[in-house]
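**Student:** Below are the structure tokens for one structure; questions will follow.
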Amino acid sequence: MRVALCVWLFLISVLAATLTRAAPPGRYLSQADFLQQAFAGVSFQGRLLVPDAGLRQRITALLGHPLRARRLHYWQADGRTAWVIDEIGRDEPITLGIVVGAQGIEQLKVLAYRETRGGEVTRSAFLRQFNGASLNHDQALTTPIDGITGATLSVHAVTRAARLALLLTATVTGP
Amino acid sequence: MKPLSFLAVLLFALLQGCASTPDADFVPVSNEQLQQWSVEGRLTLHSDAGKARSYFTYTQLGDDYTLALRPDQRVGKARATLTGKVMASQPAAISGDDDEARQIARQIRDTLPMENLGYWLRALVASGDAQQQVDDRERTEQIREQGWQIRYRDYMRVNDYRLPQRLQMRGPDVRARVDLVRAETGFLTSPCAQESDAPATAPPPRQETVTDLVPADGSAPLPQWINRGDFCRQLKKIHGHKLPDPREGLFGPGSMMWQLTGPLAPAGLGAGRALLLQIAHPWITTAIDEHSIVREDPLKRARLTFRYILTMVYGSTPQAMTAANKVRSIHEQVKGTMPEKAGAFAKGSEYRANEVNAMIWVQATLWDTLVRMYEKERHKLSDKEKEQFYQETKLFAMLFGIPDKALPATWNDFIAYNRAMWDSRLLTVTDRTLQLKKDLFHPHSIWMILPLWGQEILTAANLPPHLRDEFQMKYGWWQKFNNAMLMGSVKVTDFILPDSMTWNPVYHEAEARLKGKRVGWYQRSMISLILGRKRLVN
């Protein structure tokens, strides 16, 4: 019986090995690689922003929900500020790397995408639309962003994160 | 038995190596996102004041932390606590009556930077001027901060997060080692947090549950879309007054739920029956056709289902709540319109996964099948045991947002509901259903031929006869003979093998959690093999 059990377990394990397939990874760019690309060899310094009550209120108004994280990481060099921001698309957070310079957004990259749908927002053609965008008086982006059918929630999440990065950059760099 | 277990796991490990490493593709959510979390394990501290050692639970709710100490007990009541706020300069407050525990608490407070501990335990830097070293999987290897060096050894996946499992801290004349056993990543205070104020949809008044669920005129029952308010109210109902210790979860070791789902054989033998009863409901077939990956990747689909079900059954209360919210969210995406008339459901009518009647039916197939197969494979259950089990399944139903009053009240009502469903127009085997059944029982590899053949025999033996005929399944003398052989073989195997091999490994993991321990290597290997995770309910 024990031999039979071993054979059975062996068969099951062969089956599992046959059927198990690696899921496509949701990591598109590591934080380290994003920062290397963002600052292109320039030495940068990491900082932490702990929003006070007033800023949290403005963030809530901008996002339409409170910020989950207690703190936000950012990096600065050469007049540019890079942020790594998590914003929920439908259920899962999309991790975005956003570089803001004097003329608005310079780069927007998806570092990790965890949702099962809406992955079209990781395409560079979509993300390039954000280049040069800044905030107008209504806290909206100055550049119109074309949506993607079937990825509406993800598009909205990326747009919210872009607006948040601009708001936060204005906060840490001053007027 | 150990050499046998070792051999089995060795084979698993070798073959798993050919497939994929659990968690290899896992992209964790940033630990900065944790708002309510806790970790527990053991802390060993070496300082000028000597050596101190204690089991502990560190809990953080927002900015408030509590370090509960139990010097000689892995679980149970704290003998001393330190409380304070992260990133605050005020020293932690100590409370507790036990002198030894208070002494340890003082030593911890005087030597460790308590305001930073909540970050370091999550492998996060506490300030902007820290140095952080990460590996190629973005796991923190080391943090240097404020004269301290924190080195991380292992990590554990807990829900969507990756938390450290072992860390060593070295500071000015202080060394500390932290070995973590488990963690919770949410729902520590309230199951639904912000959603609890959502408006509720009051269910229509019910006169008699069975006739409401299975209308006598053969029409489809009134759909009751579940909204967030209903769901959260049900979750709170469970959370508020059921089990006093969240560590035990919704059911616990004395429950009929654990007794019946613990042995692997009954659920395994009945899997086909439950599945076919489910897809006989036209909504289920349509939802699978339009939304499920079961045809493309049956193993992945099965793993997802079992992870959630087993977490709800065996997880701690916060783990069960987390799983329930995930499932509700997944189900919300499953909706559409019927592509053709099927039984009581008109072409073009709406279907949704988060609908009370459909969910009651899916769950009914599980519990009815489980009891049936348990009694056939093990022993008869008394009426009292069945009633207790059924009342426990109501808790499970509530995790899906099903209101208590929508469910058949007693076990006898539940049986009546099942029989009424079998004979109703709500269950119909259409061409699509038949195709789905064919696909589900189709062996995708040579290794699946024998198990699926056995499963088909067992399913034919246990389906209601008219549904068996509708599914075009034979059950003649040859099938009856094979059914008897299969049942006999399983009974003998169950008799010979120890519980460690015939009971669900997640059951063993849950038992270890109750003791504040990590489950042993054999069960860990089985969980990894079956569920593709290194831990589920620890």
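**Student:** Can you work out the Karplus-derived ³J(HN,Hα) for every residue in region A:146-151? Use 6.51 cos²θ - 1.76 cosθ + 1.60 with θ = phi - 60°, whole Hz, and x for glycine or proline.
**Tutor:** So the J values, rounded to whole Hz, are 6, x, 10, 4, x, 10.
**Student:** Related question: In whole Hz, with x marking every Gly and Pro, tabulate ³J(HN,Hα) for region B:336-349 from phi via Karplus 6.51 cos²θ - 1.76 cosθ + 1.60, θ = phi - 60°.
**Tutor:** Values, residue by residue: x, 10, 5, x, 7, 5, 8, x, 7, 9, 7, 4, x, 6 Hz.
**Student:** Roughly speaking, what is the centre-to-centre gap between region B:405-455 and region B:298-357 when only Cα atoms are used, to the nearest Å?
**Tutor:** Using only Cα atoms to place each centre, the spacing works out to 16 Å.
**Student:** Would you list, by chain and number, the lysines whose Cα falls below 20 Å from the Cα of residue A:109, excluding same-chain residues fewer than 8 positions away?
**Tutor:** Reachable lysines: none.
**Student:** Moving to a separate point now. Measure off 7 Å from each Cα along the Cα-to-Cβ vector at residue B:85 and residue B:131, then give the distance between these two points in nanometres to one decimal.
**Tutor:** Inter-label distance under the simple model: 3.2 nm.
**Student:** Separation of region B:136-159 and region A:98-175 by C-alpha centroid, Å?
**Tutor:** Taking the Cα centre of each part, region B:136-159 and region A:98-175 sit 30 Å apart.
**Student:** So, R0 is 41 Å and r is the distance between the beta-carbons of residue A:170 and residue B:168; what FRET efficiency does that work out to, to 0.05? Present the calculation step by step, with values, prior to reporting the outcome.
**Tutor:** Working: r = 41 Å, r/R0 = 1.00.
Plugging the Cβ-Cβ distance into 1/(1 + (r/R0)^6) gives 0.50.
**Student:** Okay, next question. With just the Cα atoms defining each centre, how far is region B:360-379 from region B:27-87? Give it in Å.
**Tutor:** 42 Å
**Student:** Which ³J(HN,Hα) values, rounded to whole Hz and listed in residue order, are derived for region B:159-173 from phi using the Karplus coefficients 6.51, -1.76 and 1.60 in 6.51 cos²θ - 1.76 cosθ + 1.60 with θ = phi - 60°, glycine and proline given as x?
**Tutor:** Taking θ as phi minus 60°, the curve returns 6, 8, 10, 10, 10, x, 10, 9, 9, 10, 10, 10, x, x, 6 Hz for region B:159-173.
**Student:** Would you mind checking which residues have amide H under 5 Å from residue A:106's amide H? H placed 1.01 Å from N; only 5 or more apart, or other chain.
**Tutor:** Distant-sequence amide H within range of residue A:106: A:99, A:100, A:101, A:132.
**Student:** Hey, another quick one. Under the rule a/c < 1.5 gives rounded, and otherwise a/b versus b/c splits prolate from oblate, where does region A:36-141 land using the Cα gyration tensor? List each step's numbers first, then the result.
**Tutor:** Working: a/c = 1.36, a/b = 1.05, b/c = 1.30.
Rounded is the answer for region A:36-141, as its axis ratio a/c remains below 1.5.
**Student:** Let me ask you something else. Which angle between 0 and 90 degrees, to the nearest 10, do you get for helix B:99-111 versus the longest principal axis of chain B when only C-alpha atoms count?
**Tutor:** It is inclined by approximately 70 degrees.
**Student:** Further question: Among rounded, prolate and oblate, which fits region A:103-175 when a ≥ b ≥ c are the square roots of the eigenvalues of its C-alpha gyration tensor, a/c under 1.5 means rounded, and a/b larger than b/c means prolate?
**Tutor:** Here region A:103-175 falls in the prolate category.
**Student:** In degrees, nearest 10, range 0 to 90: what is the angle between the Cα axis of helix B:317-332 and the longest Cα principal axis of chain B?
**Tutor:** Relative to chain B, helix B:317-332 is tipped by roughly 50 degrees.
**Student:** Right, something else. Taking a cut-off of 14 Å between Cα atoms, list the aspartates and glutamates near residue B:376, but don't count ones fewer than 8 places away on the same chain.
**Tutor:** Leaving aside aspartates and glutamates fewer than 8 places away in the same chain, those within reach of residue B:376 are B:368, B:494.
**Student:** Find how much the distance from residue B:379 to residue B:98 grows on full extension, using 0.36 nm per residue of separation minus their present alpha carbon separation; answer in nm with one decimal.
**Tutor:** My answer for the length gained is 96.3 nm.
**Student:** Counting helices only, and only those DSSP H runs with n ≥ 4, report the 222 nm mean residue ellipticity of chain B as the sum of -39,500 (n - 2.57) divided by its residues, in deg cm²/dmol to the nearest 500.
**Tutor:** Numbers: 20 runs with 248 residues, N = 538.
So the helix-based figure for chain B works out to -14500 deg cm²/dmol.
**Student:** Now for a separate question. Going by the alpha-carbon gyration tensor, a ≥ b ≥ c the square roots of its eigenvalues, is region B:48-91 rounded (a/c under 1.5) or, if a/c is not under 1.5, prolate (a/b greater than b/c) versus oblate? Walk me through the numbers before you get to the answer.
**Tutor:** Numbers: a/c = 3.00, a/b = 1.36, b/c = 2.21.
Oblate shape, in that a/c is at least 1.5 and b/c is the bigger or equal ratio.
**Student:** Please find, in a Gaussian network model of chain A (springs between Cα atoms separated by less than 10 Å), the residue of A:158, A:99, A:50 whose mean-square fluctuation is greatest.
**Tutor:** Among A:158, A:99, A:50, the largest GNM mean-square fluctuation belongs to A:50.
**Student:** Go ahead and collect, in residue order, the members of region A:61-91 whose backbone nitrogen is under 17 Å from a label point 7 Å along the Cα-Cβ direction of residue A:45.
**Tutor:** Flagged as within label range: A:73-83.
**Student:** Assuming R0 = 30 Å, can you tell me the calculated FRET efficiency for the pair residue B:497 and residue B:442, based on Cβ-Cβ distance, to the nearest 0.05? Could the numbers behind the result be given before it?
**Tutor:** Numbers: r = 30 Å, r/R0 = 1.00.
Step by step, r from the Cβ atoms, then E = 0.50.
**Student:** With the cut-off at 27 Å, tell me which of the pairs B:335/B:384; B:335/B:438; B:384/B:438; B:347/B:386; B:85/B:515 have Cα atoms farther apart than that. Kindly include the intermediate steps, with their values, before the conclusion.
**Tutor:** Values: B:335/B:384 38 Å; B:335/B:438 24 Å; B:384/B:438 39 Å; B:347/B:386 39 Å; B:85/B:515 29 Å.
From B:335/B:384; B:335/B:438; B:384/B:438; B:347/B:386; B:85/B:515, over 27 Å: B:335/B:384; B:384/B:438; B:347/B:386; B:85/B:515.
**Student:** How far is helix B:383-399 tilted, in degrees, relative to the longest principal axis of the Cα atoms in chain B, given as a value from 0 to 90 rounded to the nearest 10?
**Tutor:** 70 degrees
**Student:** Which net charge results for the neighbourhood of residue B:339, defined as the other residues with beta-carbon distances under 11 angstrom from its beta-carbon, given Lys and Arg at +1 and Asp and Glu at -1?
**Tutor:** Every neighbour counted, the sum reads 0.
**Student:** Using modelled amide H (1.01 Å from N, peptide plane; none on Pro or chain starts), what sits under 5 Å from the amide H of residue B:334, excluding residues fewer than 5 places away?
**Tutor:** B:353
**Student:** What is the set of long-range amide H partners of residue B:181 at a cut-off below 5 Å, with H atoms built 1.01 Å from backbone N?
**Tutor:** Close amide H contacts, sequence-distant or interchain: B:40, B:41, B:42.
Throughout, read-outs are computed from the coordinates displayed, never taken from laboratory work. It should be emphasised that the depicted structure is a prediction, and the values quoted were computed from it without experimental measurement. Glycine gets a Cβ as well: all are built from the backbone with ideal geometry, and neighbour counts include every protein chain shown.
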